[in-house]
Amino acid sequence: MSIEPSAFMKTLVKRFDFHENDQSTLKANADWGLEIAAEMADHFYAYLGRDEEMNAVLNETEGRVHRLKQTFVTWFHEMFTGIDHWGDDYAERRWKIGLVHVKVGIQPQHIVPAMATVVNEVGKKLKAQEKSEELKDALGKICMIDLAFIEQSYIDVATTAVLRETGWSAALFKRLVTKGAESM
């Protein structure tokens, strides 16, 4: 029941109305994005580090936070460059990032507020440096697209695991989840 990253990306681009003007705005500001990426990584991991559960995950192995910050800088800059104009390679990379979050155990309950922290801190930078509203809007859209990939990875991994272990059909699983939600 796993998604196809390219198709999912196309769906998200449409849903978020993330089009050429947003993409051009991000590309025009790619150097600025790289310039602030390390600072945004610091905010992101400082936020996560304040949570006892996340702090344990982040510091499970020596040097993990340092490596994660380097990965964050790359990820952040890629939002501005689009890798391949926000196409198949971008989608595949975002899907893999989501899967890594699942494997490491960084739950959406942690990622969503951490991403909100980054969006807030970027907003402060945009305002302080008198950047355009267009850049703020474009960056907000691509951040939410990336976040959707992470959240979807949790759903797909969990669903695939249940279907594989039980032999249920996707339709049966969906019906059970819907019924379960109705009873809550």
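With the condition kept exactly as written, say whether any residue in the range 159-172 is open to solvent by 40 Å² or more (accessible area, probe 1.4 Å), over 25 Å from the mean Cα position of the chain (by Cα) and touching a residue at least 40 places away in the same chain (Cβ under 8 Å). Yes. Of the set (1) open to solvent by less than 60 Å² (accessible area, probe 1.4 Å); (2) in contact with a Gly (Cβ under 6 Å, 6 or more places away or on another chain), all apply to G63 but (2). Taking the range 87-108 as the range and being open to solvent by 50 Å² or more (accessible area, probe 1.4 Å) and over 19 Å from N59 (Cβ atoms) as the test, the residues that pass are D88, D89, E92, R93, K96.
Output the residue which, of all residues in the range 84-115 that are at pLDDT 95 or above and small (G, A, S), is nearest to the chain's Cα centre (by Cα). Only one residue tops the list, namely A91. Among the residues of the range 12-35, the ones that are open to solvent by 50 Å² or more (accessible area, probe 1.4 Å) and either assigned to a helix (DSSP H, G or I) or in contact with a His (Cβ under 9 Å, 6 or more places away or on another chain) (or both) come to 11 in all. The set of residues from the range 113-149 being open to solvent by 20 Å² or more (accessible area, probe 1.4 Å) and among the small types (G, A, S) comprises A116, G123, A128, S132, G140, A148. On inspection, T81 qualifies as within 20 Å of E35 (Cβ to Cβ), over 11 Å from the mean Cα position of the chain (by Cα), touching a residue at least 24 places away in the same chain (Cβ under 8 Å) and open to solvent by less than 50 Å² (accessible area, probe 1.4 Å). Does at least one position in the range 17-32 carry a residue that is under 15 Å from the mean Cα position of the chain (by Cα) and at pLDDT 95 or above? Looking for residues that are under 15 Å from the mean Cα position of the chain (by Cα) and at pLDDT 95 or above, one finds none in the range 17-32, hence no.
The values are calculated or read from the model by the stated rules, or taken from the named source; none is laboratory data. Since the model is a prediction, treat every value here as computed from it, not as a measurement. No Cβ is skipped: glycine too gets one built from the backbone with ideal geometry, and neighbour counts run over all protein chains shown. The area values use the complete protein model at the heavy-atom level, side chains included, leaving out ligands, DNA and RNA. Shrake-Rupley method; radii C 1.70, N 1.55, O 1.52, S 1.80 Å.
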